[in-house]
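Data first, discussion second: the structure below is written as structure tokens.
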Amino acid sequence: MPLWYSEVGQKIVQTMLINSILPYVNLVVAWMIPKIKIKVLDNPDPYKTKKTSIAAFLALWAGGDYVIHFKYSNVLNVVYITMMYGVGLPLLFPLAALNFFNTWVTERIAVAYLMKQPPALDDKLTNNCVRMLRFAPLLFLCNGFWMLSNRQIFQNNWSYIQTSYDKMVS
């Protein structure tokens with residue numbers, strides 16, 4: 001386990017940083033693709049359309065569907081990665097807050113200007129997500145205790161086992 005922070009920890013922080021910038025990339029893509037489709041498949045002026053049916057016109061001009069399950073999976077991913085490695089990598093907490101803020105801003109813009117009206121959903125998906133989030137503090141406590149009590153992680157003390165009968169020294 002030598003150099004855990006410089007090898008594994010750096011990759012986790014890098015991934016979370018990319019995750020926190022990704023909502024803006026998704027927003028630009030969600031804005032650009034319909035514009036390109038309209039430019040290629042139709043006249044940019046909606047009053048001079050080439051479409052012959054209302055359904056074809058709405059399919060092109062109405063905007064994309066709002067897929068909320070990807071948003072929930074992103075929240076679960078960020079929370080669980082932050083809770084699992086946050087004690088050893090405290091930089092993950094501000095990165096998680098940045099990710100949630102960026103997601104909040106971009107989702108408000110996307111829902112207001114780029115997407116169709118989201119379907120009316122019941123609270124089943126939200127309750128399922130909250131039920132899964134209940135275990136994040138427990139993971140934080142257990143893995144945090146292990147990280148803080150493991151000398152191999154913080155002090156980089158480790159030794160090879162010469163034979164399979166030797167005891168592990170930590």
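Results, tabulated for the structure shown:
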| item | result |
| --- | --- |
| Under Karplus coefficients 6.51, -1.76 and 1.60, residue-wise ³J(HN,Hα) of the stretch 105-110 in Hz, glycine/proline x | 5, 5, 5, 5, 5, 5 |
| Cα Rg, Dmax (largest Cα-Cα span) when computed across the chain, Å | 23.5, 81 |
| Cross-link reach list, lysines versus residue 35, counting only Cα pairs under 29 Å and skipping chain neighbours closer than eight places | 48, 50, 51, 71, 116 |
| Order of 42, 65, 122 - criterion: other Cβ atoms within 10 Å of each residue's Cβ, fewest first | 122, 65, 42 |
| Additional length obtainable on full extension of the chain from residue 73 to residue 142, 0.36 nm per residue less Cα span | 22.6 nm |
| Förster radius 45 Å - calculated FRET efficiency between residue 41 and residue 132 (Cβ-Cβ, nearest 0.05) | 0.65 |
| Dipole of the chain, positive end: most advanced residue of 57, 36, 93 [Cβ charges, Cα centre] | 57 |
| Dipole magnitude (debye, nearest 20) for the chain, charges at Cβ of Lys, Arg, Asp, Glu | 400 debye |
| Semi-axes of the equivalent ellipsoid for the stretch 1-58, Cα gyration tensor, largest first, Å | 47, 9, 8 |
| Alpha-carbon centroids, the stretch 81-95 and the stretch 24-80: separation in whole Å | 34 Å |
| Loop trypsin sites (Lys or Arg not before Pro), the stretch 34-142 (other Cβ atoms within 10 Å of the site Cβ: 15 or fewer; DSSP) | 50, 116, 134 |
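No lab work stands behind these numbers, since they all come straight from the coordinates. Predicted model only: the values in this text are computed from it and were never measured. Every residue, glycine among them, receives a Cβ derived from its backbone with ideal geometry; neighbour counts consider all protein chains shown.
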